[in-house]
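The next block holds one structure in the form of structure tokens; read it before the comments.
The values are calculated or read from the model by the stated rules, or taken from the named source; none is laboratory data. What you are looking at is a predicted structure, and each value in this text was computed from that prediction instead of being measured. Cβ sites come from the backbone with ideal geometry, for glycine too, and all protein chains shown count toward neighbours.
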Amino acid sequence: MTRRVRERPLVWAGFGLALIGLVAMAVQGASYDQLRVASVFGALIFVGELARVSLPGEREVSPISMAAALGYALLFAMGAAGVSPPVLLVAGVQGSAVAMAALLHGLAGRLTNLDVLGRQILAVAAGATTFHAFTARIQLGKLPAKSGALVPIMVAAVLVAALVDLLSAAADRSLHLGTPVLAAIRDEARAVAGLGAAVAATGILIALASNLMGWWALPVLILPLLTTQFSFRRYAQIRSTYRQTIRALSKITEVGGYVHDGHSIRVSALAVSTGREVGLTETELLDLEYAALMHDIGQLSLAEPIPRGSTLTVTPAERKRIASMGAEIIRSSGTLDRVAVIVERQSDPYRRNRRPADDTLPVASRIIKAASAYDDLVSVAPEDPRCRADAVERLRLGMAYEYDPRVVEALARVVSRTASSGVPIAALPSSGRRPL
Amino acid sequence: MTELPRAARAYVCSVAVVCIAAIGFAIPHVHHVADMLGLCALIVLCVSVLTVSETDSQFDVNLGFVLGITAILVTGAAGAMLVAGSSALGYVRGGRPPVKRIFNAAQCALSGGASGLVYGALGGQVHTLQPGDFPRVIFVLSCAVVVYGLVNHILVWAVICFSQGLSLRRQWREAVPLTSSPYLAYGFLGLLMAALWVNVNPVTATLLLIPLLVTRTTFANYVEQQQAYDATVAALIQAVETKDQYTRGHSERVAGGSVLIAEQLGLRQEKVKALRYAGMLHDVGKMGVPTKVLQKHGRLTGAEADAIRAHPARGLEMLGDIEFLQEALGGIYHHHERMDGKGYPLGLKGMEIPEFARVIMVADAFDSMTSNRSYRPAMSIENAIDELVACSGLQFDPVMVDAMVTALRIRGWRVQGAEKARLPYPKVSLSGIGDGGSSPASPVLPRQVSAYSSVETDS
């Protein structure tokens with residue numbers, strides 16, 4: 001968890017900006033109104049940060065804190081009195097609020113991902129800068145009651161903020177998980193689009209409604225966001241329960257003596273890393289993970305377990321039969337059809353003699369085929385580097401017929417990386433949520 | 001579900017007639033027609049893009065309600081009536097019976113209209129909202145919101161009473177209380193929307209709907225995932241059960257039985273849910289027992305008996321990482337204990353045995369007795385009940401046995417092999433419009449959802 005300072009540009013940029021903001025405010029001084037508004041919004045950001053949520057894929061979000069910060073950045077009046085906080089003040093208030101919340105989380109024994117916080121500060125600052133750039137001509141403090149003209153500017157500002165947040169999140173992910181950049185941007189956009197829209201809309205509304213209703217605006221607008229957050233939390237919970245259950249039930253074949261211990265979990269970890277390496281989307285990765293966890297479930301229909309469970313030692317026809325039995329079981333759930341197809345085709349070769357490669361063969365199936373074979377091959381001596389090298393070499397020999405060359409190369413990269421870092425593959429992230 | 005009692009039909013018709021008369025009376029009084037039409041269009045649009053699914057009333061954001069309140073402030077009582085009533089036009093999808101749609105439209109329109117009248121009578125201003133109005137308008141609006149909720153509640157309550165004929169007091173609680181605090185808060189959201197609509201512009205006001213729509217969509221996704229989860233667990237458990245043809249469907253029936261007991265005892269919703277999964281997964285450790293031992297006819301050797309006795313521990317080992325099952329794990333691990341301490345794996349006694357285990361023990365034993373086994377035929381339900389009662393105190397917790405027997409007499413039991421059969425046991429049927437129709441076919445357990453309490457929550 002403790003990464004070097006140099007590797008965390010977002011944290012430094014974000015909190016550095018916040019610090020500069022605080023210093024600037026201390027030097028210049030601020031009006032009483034400005035301070036009062038700052039403390040209320042700071043408190044709201046702080047509370048919102050305390051109630052953060054984890055979305056599927058290890059994404060930490062704090063919708064209320066972000067909405068409050070955006071609302072503060074776009075603020076132009078509180079009731080009839082004009083109040084427009086400068087960009088540095090916004091960063092200072094947000095930075096100190098989230099830092100205090102992180103401290104409190106830390107005292108309660110919960111880790112905070114500082115990258116996320118730094119990113120949030122930068123995103124809001126970008127939004128605030130946009131807003132002030134467009135409204136420079138209008139004297140915000142003396143604005144007439146008609147605020148409709150500001151709405152397009154506000155929309156532009158939250159879009160800039162969202163873009164900065166999206167790009168920096170994707171960059172961060174790509175850096176630390178090895179996802180290709182474009183794939184990371186696409187996954188990030190898909191994962192946070194809904195919540196992001198709700199947060200951005202609430203931010204704009206906080207600024208507008210503060211003018212119309214004064215302080216009443218804050219509680220009224222936070223409420224719908226609370227229910228949004230609640231529904232996301234429940235969604236994330238069922239997703240993680242689903243995952244934990246599939247992982248647990250994937251041990252069925254091990255307990256039954258059909259495959260060696262930990263085979264399914266190891267194959268799924270290796271398969272997911274390989275899949276990430278070849279640029280699969282997050283949805284595809286989840287399907288791949290489930291399929292890898294359950295890839296041997298068809299063996300339940302065998303009368304007697306295969307010796308040591310390795311499907312490498314049985315005939316191709318038998319392998320095919322096990323795969324389709326497994327697919328049958330998975331398909332009977334009625335909800336995992338894509339996973340069933342992956343499992344069904346895991347035994348198919350990459351291409352047959354004198355035929356072109358089969359395009360309909362899912363990439364996920366090719367990955368599972370290679371990952372499962374690798375795990376069977378190294379099961380003799382998993383810790384021995386020579387054994388690992390031999391296993392990769394055997395996969396390479398089967399390349400272009402049995403295995404997809406692209407998949408084998410990606411797998412080889414993953415294996416060499418994990419071997420050099422000494423981290424076991426199974427200890428990859430996204431294996432569950434941290435308690436909130 | 002299609003057959004409503006005559007009294008209920010007459011009631012729905014009279015509500016509809018009153019509503020039509022009220023609309024006829026209101027039309028000449030509609031002002032701000034353009035605003036009203038805009039709100040109507042918005043409400044129809046919102047309702048028709050939403051996924052209509054089984055939802056949890058507490059978190060169901062009632063968009064119609066927010067827009068209805070907005071309409072009161074922007075267009076007045078007459079306009080609010082039309083706007084609220086038009087929400088029913090959006091429910092073209094979802095295959096609701098027309099009776100329900102008519103009733104929904106009528107009750108929404110009447111609640112909206114009544115609430116608008118109260119707002120006007122207390123001196124609330126229409127189509128102007130200045131910062132200076134603020135503390136006062138909040139009080140006036142609160143009264144209007146309470147009336148909105150009350151009228152809605154009474155109308156729905158009455159339809160449930162007419163169609164189910166159960167005790168009035170119980171139905172009063174079952175009709176979704178619109179007067180509860182979240183609704184008051186959503187009323188303020190309507191107020192804010194109206195303020196934006198009048199003072200900024202209508203397009204900006206619709207920004208307010210984004211968080212609500214996102215919540216709805218997420219909630220629908222959640223429900224979908226939950227169903228997918230249930231189906232997957234059921235499919236995997238079935239795959240395990242193929243090892244032994246005699247245990248087919250056992251896990252699902254034990255889950256159903258555990259839920260029967262839990263509901264009879266009045267346990268919390270969360271606990272009932274956890275118990276359902278615990279019942280579902282209680283025998284998963286049997287995968288570690290060789291098939292020939294499970295199906296053996298004669299006496300078991302010591303080693304074979306040990307293999308069987310190890311299955312709760314194996315189950316615990318497998319399921320230990322599932323966070324939400326933590327409370328249920330005890331139930332799985334101890335489901336072969338006995339009250340007199342002669343069970344396994346630990347030989348716990350009486351109340352030392354976790355509550356979940358005491359529930360599962362009874363459901364498990366009852367289903368085993370009423371199912372065919374390789375070494376004996378099934379027992380009749382009456383005999384199995386007698387056996388439970390005879391062993392209560394020694395083997396089973398008497399409280400659980402009582403709950404099971406009572407629940408069986410009310411709800412019935414689906415025995416082995418009777419997949420979609422009628423409930424084979426005489427029961428006091430809850431043949432309301434909600435039950436009956438759906439419960440025997442539902443995959444896991446009969447759900448008690450009364451149709452008309454969901455009328456309001458879906459709208």
Counting only residues in segment A:14-46 that are at pLDDT below 85 and surrounded by 15 or more Cβ atoms within 10 Å (Cβ to Cβ), the one nearest to the chain's Cα centre (by Cα) is identified as A:M25
- If we scan segment B:356-367, do we find a residue that is of a type in the set (F, W, Y) and at pLDDT 90 or above? yes
Scanning segment A:390-417 for residues that are in a helix (DSSP H, G or I), within 17 Å of A:D348 (Cβ to Cβ) and among the charged types (D, E, K, R) gives A:R406
Counting only helices (runs of 4 or more DSSP H) wholly inside segment A:53-164, the ones holding at least 2 residues that are without any contact (Cβ under 8 Å) to a residue 40 or more places away in the chain are A:87-107, A:114-134
Of A:L218, A:L223, the only residue that is within 14 Å of chain B (Cβ to nearest Cβ) and in contact (Cβ under 8 Å) with a residue 24 or more places away in the chain is A:L218
> Is one or more of the residues making up segment A:161-184 closer than 24 Å to B:E224 by Cα and touching a Leu at 6+ places or on another chain (Cβ under 9 Å)?
Replying inline: no
Discussion item. Any residue at all in segment B:298-305 that's in contact (Cβ under 8 Å) with a residue 40 or more places away in the chain, assigned to a helix (DSSP H, G or I) and either surrounded by fewer than 23 Cβ atoms within 10 Å (Cβ to Cβ) or in contact with a Pro (Cβ under 8 Å, 6 or more places away or on another chain) (or both)?
Written reply: no
Scanning segment B:237-262 residue by residue, those modelled with pLDDT of 85 or more and facing chain A (nearest Cβ under 9 Å) turn out to be B:I237
Within segment A:269-282, is even one residue part of a helix (DSSP H, G or I) and within 12 Å of another protein chain (Cβ to nearest Cβ)?
no
Per the filter on segment B:50-67, residues farther than 14 Å from B:A205 by Cβ, in a helix (DSSP H, G or I) and modelled with pLDDT of 50 or more are B:G64, B:F65
Counting only residues that are part of a helix (DSSP H, G or I) and in contact (Cβ under 8 Å) with a residue 24 or more places away in the chain, segment B:306-328 contains a total of 14
Exercise. Could you tell me whether any residue of segment A:137-150 is touching a helix residue (DSSP H, G or I) at 6+ places or on another chain (Cβ under 6 Å), modelled with pLDDT of 85 or more and of a type outside the set (S, T, N, Q)?
Key: no
Here the residues within segment B:191-201 that are modelled with pLDDT under 90 and more than 8 Å from chain A (Cβ to nearest Cβ) are B:V198
| message | Tell me whether segment B:77-88 contains one or more residues that are assigned to a loop (DSSP other than H, G, I, E, B), in contact (Cβ under 8 Å) with a residue 24 or more places away in the chain, crowded, with 22+ Cβ neighbours inside 10 Å and touching a helix residue (DSSP H, G or I) at 6+ places or on another chain (Cβ under 8 Å). | response | no
